[in-house]
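The values are calculated or read from the model by the stated rules, or taken from the named source; none is laboratory data. From a predicted model like this one, the values you see are computed outputs, not experimental measurements. No Cβ is skipped: glycine too gets one built from the backbone with ideal geometry, and neighbour counts run over all protein chains shown. Keep in mind that these areas ignore ligands, DNA and RNA; they rest on the heavy atoms of the full protein, side chains included. Shrake-Rupley method; radii C 1.70, N 1.55, O 1.52, S 1.80 Å.
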Amino acid sequence: MSKLDFLQELGIEEVNLGGFSTKWFGSGTNLKSIAPADESVIATVNQCDSGDYEQIMKDTATIFQKWRMEPAPKRGEVVRLLANEFRKHKVALGKLIAWEMGKIQAEGEGEVQEMIDIADYAVGLSRQLYGKTMHSERPNHRMYEQWHPLGTVGIITAFNFPGAVWAWNAMIAAVCGDVMVWKPSSKTPLTAIAIQKIVNQVLDPLGWNGVMSLLVGSSRDVGEMLIHDRRIPLISATGSCNMGRKIGGAVSKRLARSLLELGGNNGIIVMPDADPELVLRAVVFGAVGTAGQRCTSTRRLFLHKDIASDMIERLITSYSQVKIGDPLDSKTLMGPLVDETAVNDFSMALKTVKEEGGEIIHGGKSIDSPGFYVEPTIVRASIDMAIAREETFAPILYLFEFDTLEEAISMHNSVDQGLSSSIFTRDMQSVENFLSHAGSDCGIANVNIGTSGAEIGGAFGGEKDTGGGREAGSDSWKVYMRRQTNTLNWSDDLPLAQGIEFG
Ligand code: NAD
């Protein structure tokens, strides 16, 4: 399949301007989609302006009146049809993600698989939006709680998962009876448009046009309109901690709900009895995969002193074999960073590493070529280095050594972020300590698997500056609905609660 073929499959046609474009509405200014692999312009996209925004908000509110009354299993049926379409276009969409975002194609297709998985999950969920029943203290009374749709959900997504993060929100919100507007990252507008085209193919013939809408536009324009809009009871935002602080503040000011999925600074603790081969595979996938641009990327590695030098030797050997290059070449293991700013952030972080006394023991350079390539990098660090406490969205791995598990957990928990964590050991006491109340303080804590790559069945999200939001599996759906407690009196009397006699 050539580049052109897969774009055509996704409904995107060639136009002038030396790039691709798409029959896509939008009355605002143009936005260029740039390929990180060679800095070429992939497409020029029309952004939305405030008039488009108002129109979409109006259409969304109108269709909500109908969608909320559609039985949830029927809404699930619509989501099932979406899953079928994602399956059909898995390769094409995976390639577009790789081309526009820079992750390798295998990971691009993996991302589409995640969209399929969450849709399948949501189909089952559509029959399981359970409420509890309670025993009333009053005779011949019934108490229960039920869950209603919220309304319009605003979904703001990061560049690094240009499809999956939307799907995590959209598939669940849809079966919950919500309608939604999506503001994707301005670095990946074409992927968003391709996905919306697939959505439209399914929804329009069924008369559900407007249940899922897309607003391509900058955070300054469209983003700000969304977060301040009182018609939107829930903003689900994925991105950096700084963005989360701003959005969380704006949304709470109008007393609405926010679901924040923010940055991580994820660590792996390696005990002396760990299987070194498993550790190696997990660390290289976690730190080098997606060029270190996953929220769950492994950024800190805590090595027990007894095995540190052996582990470091193995890591350097492995890192030396990482093939860096075109994400659409099947031999490539690590593609480029997303843009020039990301390369500058990588270089600045390493400059700070040196100033703070860290030692770069592998990599450390950006690669001079068209495209935003850098070397996967390993740094010997100390716990007081401020730069190692920050999330630099690049393949930099900080190494620390420890004597006791207690010391390792304390170092691990000392950062502001709290997304994903793991321990490698065969020892039951070490496992239970790591998972105890005094163990990892993250939303995700794994044993003998890395920090990166979550399954959709569990609730996904993190604590502290990661924002506290939960998406995907378990009972995460509850944030997309409003809870109502109902008390029904089927007696001929009107007894008051707490036995109060009134008059
Ligand atoms: P970013 O914070 O720059 O942008 C994320 C999104 O927020 C974009 O769509 C952006 O336009 C929008 N945005 C920014 N400011 C806004 C504002 N004031 N109003 C409305 N919208 C605004 O993040 P990024 O560089 O695209 O992504 C990388 C970051 O995302 C990393 O920190 C990563 O850890 C995080 N991330 C977290 C998760 C998670 O689930 N915890 C998942 C993926 C990415």
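Expected output is a single nm value to one decimal: the length gained when fully extending between Ala61 and Lys88, i.e. 0.36 nm times separation in residues minus the C-alpha distance. What is it?
6.7 nm
So, in Å, what gap is there between the alpha-carbon centers of the stretch 423-487 and the stretch 339-401?
28 Å
Taking K and R as +1 and D and E as -1, what net charge do the other residues with C-beta under 13 Å from the C-beta of Ile56 add up to?
Taking every Cβ under 13 Å from that of Ile56, the sum is -2.
Roughly what % antiparallel, to the nearest 5, for the DSSP beta bridges in the stretch 266-447?
About 20 percent, rounded to the nearest 5.
With every protein chain present, what accessible area does Glu224 have (1.4 Å probe, heavy atoms only), rounded to the nearest 10 Å²?
Probe radius 1.4 Å; accessible area of Glu224 about 60 Å².
Per-residue ellipticity at 222 nm for the chain, helices alone: DSSP H runs ≥ 4 residues times -39500 (n - 2.57), over residue total, nearest 500 deg cm²/dmol?
The helix-only estimate for the chain comes to -11500 deg cm²/dmol at 222 nm.
Considering only protein heavy atoms, what is the solvent-accessible area of Asp345 at a probe of 1.4 Å, reported in Å² to the nearest 10?
Asp345 has an accessible surface of roughly 80 Å² with all protein chains in place.
Using only the heavy atoms of the protein chains and a 1.4 Å probe, how would His304, His135 rank by accessible area, largest first?
Listed by decreasing accessible area, they come as His135, His304.
In the chain, what percentage of the DSSP-assigned beta bridges are antiparallel, given to the nearest 5?
40 percent
May I ask for the distance between the Cα centers of the stretch 57-120 and the stretch 168-226, given as a whole number of Å?
First find each Cα centre; the distance between them is then 10 Å.
What percentage of the solvent-accessible surface of the chain, computed with a 1.4 Å probe over protein heavy atoms, is contributed by carbon and sulfur atoms?
51 percent
Per q in 0.17 Å⁻¹, report the Debye log10 I(q)/I(0) for the stretch 315-407, using one uniform scatterer on each alpha carbon and no solvent.
-0.76
Under a crude label model (7 Å from the Cα following the beta-carbon direction), how far is Arg231 from Glu359 in nanometres?
Spacing of the two 7 Å Cα→Cβ label points: 6.1 nm.
What nm value, rounded to one decimal, do you get for the distance between Asn200 and Tyr130 when each label is placed 7 Å out toward the C-beta?
Between Asn200 and Tyr130, the label points sit 4.1 nm apart.
Quick check: net charge around Leu125, other residues with Cβ under 12 Å of its Cβ, Lys/Arg +1 and Asp/Glu -1?
Value of the local net charge: +2.
Could you please put Val447, Val199 in sequence from largest to smallest accessible area, using a 1.4 Å probe?
Order by accessible area, largest first: Val447, Val199.
Per residue, how much accessible area does the chain show when a 1.4 Å probe rolls over the protein heavy atoms, in square angstrom?
42 Å²
What does the net charge come to around Thr157 if you take all other residues with beta carbon closer than 10 Å to its beta carbon, with K and R at +1 and D and E at -1?
0
Whenever you get a sec, line up Leu333, Leu93, Leu260 from highest to lowest accessible area (probe 1.4 Å, protein heavy atoms).
If we order Leu333, Leu93, Leu260 from most to least accessible, we get Leu333, Leu260, Leu93.
With every protein chain in place, what's the accessible area of Thr341 (1.4 Å probe, Å², nearest 10)?
Answer for Thr341: close to 90 Å² accessible.
Give, in nm to one decimal, the length gained when the segment between Arg142 and Ala445 is fully stretched (0.36 nm per residue of separation minus the Cα-Cα distance).
So the extension gain works out to 105.0 nm.
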